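Peer 1: Below you'll find the structure I mean.
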Amino acid sequence: MADGAQQDVLGQKAQAAQRAFEARGMSPSKALRRALSRTADVNWDLALVTQAVTVENLDQDGVIESLTAEDLLILMDGPDGALGLAVFGREVVAGLVEVQTIQQVSNIPVDPERAYTPTEAALMAPIIDGTMERFVENLGEHPILRQIEGFRFGAMLEDARSAGLLLDASVYRAFRAEVDLALGRRRGTISFILPERAKPKRGKGAPKSAEDNSPGPHEDVFARVEARLEAVLAQITLPLNRAQQLKPGELIPLPQNALDKVKLTAGKGGAVVVGRLGQLNGMRAVRLSLPAQVGAAKPAVEAADNQPPAEAAPALPDLPAAPEPADFAGMVEEPAFDPSEPEELPDLPALDFAAEASDFDLGGDLAEGGDFDFDPAPAEGDEDLPDIGDFASAPVEFDFEE
């Protein structure tokens, strides 16, 4: 097969794997974290923040050993008679009871010796049922979905001994969340311990199709085998005496683009795949490169491994000092006058309006307040105009149709 055709096949397989990964939905840790916060917000408008989520596989003895006398134990009913366990810390129980009774979470100390009551257990039902429903919705088509869906609130258990008598599965998956309520007024843990259920088997005569993802006979065993991957930023060669002198806090120079060329190694073997180092949900993560990108980036990775450590950048040359600012005070002409000191104006004589009014003769009648009869003489050229006298007015009709 030609190199180009092989790269196309690898690229198509990588895209199919990416689509399958996206269809799975969120990771179990992220799905549980969002389910808890959303349930508390919808039910009681409570700010529940999940600080960390851990997932581990336990057997029956491991489940019993993880329980303490201060935990509230609630049995969860699952499909096909499966039984799970919900575990609440004392501080969390106090906060959830307070928000449902007095509508707020206080910071009053709790009594560690007081026994739990069935009423307190019943008040945990909304957080259990709501969280499990949203947990399943957030997972999408994740392979772990079948192990989680269908569980709901069951009944209160008195102690760990009662839980040991009822839990009969060989392997359990424990989801433990560190939470705080109402901006840290109450802090504790919420755990959901669910049994591993057997997957449905195909019939003896049923053929296995190309799209059939049914497990093999030993998949459950191999799924629990630990696979250790290590992320290698760079490999640096140092003299033995220099390596022995290394102390905590010292800085070791790395090649350029070390974060972009992270190699994942399995055991004592060589590199498995190349990726970029970053973070996801506050934890370190590696974004893997596609197979086609890995083949194209292989020469660059080898060149980066052989590249010497980056040297410190040379110091910048000293720049000349800035010139002194020019003095423009002597170059500006002074104003011709000072507006703050107005010029004095010459004195003007006072006006006597009463005396000057006597120079105007408006006639006896007007001067005494009578009527002013004005009979102007005809203008030049108007003597021959006829006297029109009085005339009567009459309406004028217009015919607009013509």
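The values are calculated or read from the model by the stated rules, or taken from the named source; none is laboratory data. In this text the structure is predicted, and so the values were computed from the model without any measurement. So basically every Cβ, Gly included, is an ideal-geometry build from the backbone, and we count neighbours across all protein chains shown.
Peer 1: Which of the following residues is under 27 Å from Ile148 (Cα atoms), without any contact (Cβ under 8 Å) to a residue 24 or more places away in the chain and assigned by TED's automatic domain parsing to the domain that holds Glu70: Thr119, Thr101?
Peer 2: Checking each option against the conditions leaves just Thr119.
Peer 1: Taking only the stretch 166-191 into account, find how many residues are of a type in the set (A, V, I, L, M) and either within 16 Å of Arg34 (Cβ to Cβ) or not in a loop (DSSP other than H, G, I, E, B) (or both).
Peer 2: 6
Peer 1: Give the residues of the stretch 52-74 that are more than 26 Å from Glu158 (Cβ to Cβ) and surrounded by 13 or more Cβ atoms within 10 Å (Cβ to Cβ), sorted by residue number.
Peer 2: If the condition is that a residue be more than 26 Å from Glu158 (Cβ to Cβ) and surrounded by 13 or more Cβ atoms within 10 Å (Cβ to Cβ), then Ala52, Val53, Val55 are the ones that fit.
Peer 1: Follow-up. Give me the helices (runs of 4 or more DSSP H) completely within the stretch 74-151, filtered to those with at least 3 residues that are of a type in the set (A, V, I, L, M), ordered by residue number.
Peer 2: The qualifying helices (runs of 4 or more DSSP H) are 90-101, 125-139.
Here is a yes/no grid of residues against (1) touching a residue at least 60 places away in the same chain (Cβ under 8 Å); (2) surrounded by fewer than 19 Cβ atoms within 10 Å (Cβ to Cβ); (3) not basic (Lys, Arg):
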| position | (1), (2), (3) |
| --- | --- |
| Ile127 | yes, no, yes |
| Ala163 | yes, no, yes |
| Arg173 | yes, no, no |
| Arg176 | yes, yes, no |
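Peer 1: Do we have Glu65 as modelled with pLDDT of 90 or more and among the charged types (D, E, K, R) here?
Peer 2: Answer is yes for this residue.
Peer 1: Only one of (1) exposed (fewer than 14 other Cβ atoms within 10 Å of the Cβ); (2) in contact with a strand residue (DSSP E or B) (Cβ under 8 Å, 6 or more places away or on another chain); (3) of a type in the set (Val, Ile, Thr) fails for Val93. Which number is that?
Peer 2: Val93 satisfies every listed condition except (1).
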